[in-house]
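In what follows, a single structure is set out as structure tokens and then discussed.
The values are calculated or read from the model by the stated rules, or taken from the named source; none is laboratory data. These numbers were taken from a predicted model, which means no experiment stands behind them. No Cβ is skipped: glycine too gets one built from the backbone with ideal geometry, and neighbour counts run over all protein chains shown.
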Amino acid sequence: MVQKNIDRIELLPERACLFAFTAWHGYIMIALMIMIGFTLRNSALPMYYLSIPYTAMGGTLLIGSLRFYRQFLAARTR
């Protein structure tokens, strides 16, 4: 998914809409993730159990963001 977004960003014109970095269905997924996170945070589940999905999702987002940073730095040195 990260590579698809990187490819999409590279094809955008120089002056594109701020929200064009992801497809419209990506925003649906972002909203869904926010709602699930809010629901989990306010649930009766102990924080110990919530640390597992929080760590998994945080690690995944961190790894994905590193690919964006690498691509950004590569584009700036061209």
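Here are some notes:
- As a summary of the residue check, residue 41 satisfies the conditions (1) at pLDDT 90 or above; (2) surrounded by 10 or more Cβ atoms within 10 Å (Cβ to Cβ); (3) not β-branched (Val, Ile, Thr) except for the one numbered (1).
- Here residue 74 meets each of (1) surrounded by 11 or more Cβ atoms within 10 Å (Cβ to Cβ); (2) out of contact with any Asp or Glu (no Cβ under 9 Å at 6 or more places or on another chain) with one exception, condition (1).
- Some residue of segment 33-42 being among the charged types (D, E, K, R) and in a loop (DSSP other than H, G, I, E, B): no
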